[in-house]
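The values are calculated or read from the model by the stated rules, or taken from the named source; none is laboratory data. Just so you know, these numbers come straight off a predicted model, no measurement behind them. Don't worry about glycine lacking a Cβ; one is built from the backbone with ideal geometry, like all the others, and counts go over all protein chains shown.
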């Protein structure tokens, strides 16, 4: 263990160090972080970029009494290491291990649970005003990346915070220099000057003196804004009511520490909300990650001395790749197709589409609400938008989905990646709710492909419709089904009877069809590949209900309101009364861990499905002579 880092069990230990010890501590922290993530996998580039910023924040502010609120949260590994979780980093993102994101139940230093973007300013403002109401003497600090600043929620919070009079600091971690000029000594000087007591006092006195001469006051105010705006992008944030400071080098502790100390003094003297702009570099300190921060954003296990390497055997094609290829093929066939992503080009498989069809590719930033309504506008003009969005992120555009797309019955295709269990990212990223929250919307259809081939075909089916359709598919690879070369669709709203048995029929929605077939072989049960959660194949459902003693619904989504609920509703509407067992995700948040292990624990693998069916319907399976037979 490194000499300095081994002495840090909490930020209180960090604050005992002399200033000159902080740079070597940061070096040790970065080295520990690199080798730790190399052993477990996880987010790397973003965390390498926040090492010095994390050290400085915990050194200057009295955490956990002062609240640090991290946006998105995938840049908090240095924070975890410094707040008593260093020895548990080898369990990162594993079952029963620590989360890859801040969690309130994991540490008192994780003041707000997060993994979705652009929530930090709102939450930190709430904490700052709660402290004021309760008479508590503490600060709230929101650390937000520039990507997260593209979301409307961040600006809603800024708009509120500028007039809310709380002890709030917003730190903009600008990690790709997208909105800043080069950093140098002049900017360091300006940052310390603008955060210092003399500047604040002079500014306050100047306001008081000039208020009696309004023309001069307004002139001085404009001159100050424009002078700062000539060298820094200050004007926008000043207009929101913040005192803008920066930009400064987020890897320079000799700049960060005094600037943060000055800001802390400003907060303690009720000088209004403060905005600090720091510039950091993704992958800082590890040359391979600096050169390719996207590749090292969320790597699996690797050797830091070698870097990422290609696997010895070619991996199976993922559902994301199936979507990406289909998107390119359909775009070549139909010039009306346009592709939209809310800042997830790589994650959603749209890199090749952007290269081949740049004029029809739109990355709208982290702005899911805008993405949905933007698609609606395109559809109004006769184009055919395809919105590639994670299931968990579409939740953020739900009102727009209902009001702007479904209500107007616009032909927008939603490619819902990461449906179901997602593994290491855990509950915040799990696509557990999309069937339930989409099937209740009029004009909406929801397709659930069972493998890669059906995914491609059902995307074509969705694209051919003149109303909104979502196609949900999981993270990772399927069974390795070969895909058709063409763009032939599958019949709309129709499933198929996949295995004919007797007694019990399992109705599978999505990729759980395959463990259902394995279980059915041992149960002698029938299996149906339902394909559509909405509309249900009522003809197939009635046939199954009339020829079996019991039904089992199976889905990798929440049971409440899900596809199984749709089956029960349809049976009731037809006056069909037979027992139904609903299998799916339970009424609880599923934690991070290996997806196969999680599905096994939830009873959604072949063995678990078999046990559940036997426990509930043993008499139907064993009483062979009197059972209805099909096939």
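Some observations on this one:
- Residues of region 579-602 satisfying the condition of being loosely packed, with under 14 Cβ neighbours inside 10 Å and more than 30 Å from residue 424 (Cα to Cα): 579
- Checked against (1) touching a residue at least 60 places away in the same chain (Cβ under 8 Å); (2) in a loop (DSSP other than H, G, I, E, B); (3) within 24 Å of the chain's Cα centre (by Cα), residue 370 meets all criteria but (2).
- Check on residue 39, touching a helix residue (DSSP H, G or I) at 6+ places or on another chain (Cβ under 8 Å) and surrounded by fewer than 16 Cβ atoms within 10 Å (Cβ to Cβ): yes
- Selection count, region 254-289, where residues are under 19 Å from residue 20 (Cα atoms) and modelled with pLDDT under 90: 0
- Inside region 89-120, residues that are touching a helix residue (DSSP H, G or I) at 6+ places or on another chain (Cβ under 6 Å) and assigned to a helix (DSSP H, G or I) make up a count of 1.
- Residue within region 138-147 that is buried (at least 20 other Cβ atoms within 10 Å of the Cβ), at pLDDT 90 or above, assigned to a helix (DSSP H, G or I) and in contact with a strand residue (DSSP E or B) (Cβ under 7 Å, 6 or more places away or on another chain) present: no
- Residue in region 418-425 that is touching a helix residue (DSSP H, G or I) at 6+ places or on another chain (Cβ under 6 Å) and assigned to a helix (DSSP H, G or I) present: no
- Exclusive hit being in the same structural domain as residue 169 (by TED's automatic domain parsing) and out of contact with any helix residue (DSSP H, G or I) (no Cβ under 9 Å at 6 or more places or on another chain), set 281, 287: 287
- Within region 81-99, if we keep just the residues that are buried (at least 16 other Cβ atoms within 10 Å of the Cβ) and free of Cβ contacts under 8 Å to residues at least 24 places away in the same chain, the residue that is farthest from the chain's Cα centre (by Cα) turns out to be 85.
- Residue within region 493-514 that is closer than 23 Å to residue 379 by Cα and at pLDDT 95 or above present: yes
- Annotation: of all residues in region 486-510 being under 14 Å from residue 447 (Cβ atoms) and part of a loop (DSSP other than H, G, I, E, B), the one that is nearest to the chain's Cα centre (by Cα) is 510.
- Any chance residue 475 is assigned to a helix (DSSP H, G or I) and within 21 Å of residue 529 (Cβ to Cβ): no
- Among the candidates 517, 438, 507, residue that is in contact with a strand residue (DSSP E or B) (Cβ under 6 Å, 6 or more places away or on another chain), under 30 Å from residue 592 (Cβ atoms) and free of Cβ contacts under 8 Å to residues at least 60 places away in the same chain: 517
- Flag for residue 279 being surrounded by fewer than 19 Cβ atoms within 10 Å (Cβ to Cβ), touching a residue at least 40 places away in the same chain (Cβ under 8 Å) and within 30 Å of residue 236 (Cα to Cα): no
- Candidate set from region 5-48 (those that are at pLDDT 95 or above and outside any helix (DSSP H, G or I)); member that is nearest to residue 79 (Cα to Cα): 10
- Filtering 56, 12 for residues that are free of Cβ contacts under 8 Å to residues at least 24 places away in the same chain and under 22 Å from residue 137 (Cα atoms) leaves a single hit, 12.
- Test: residue in region 68-88 that is in contact with a strand residue (DSSP E or B) (Cβ under 9 Å, 6 or more places away or on another chain), closer than 28 Å to residue 147 by Cα and part of a helix (DSSP H, G or I): yes
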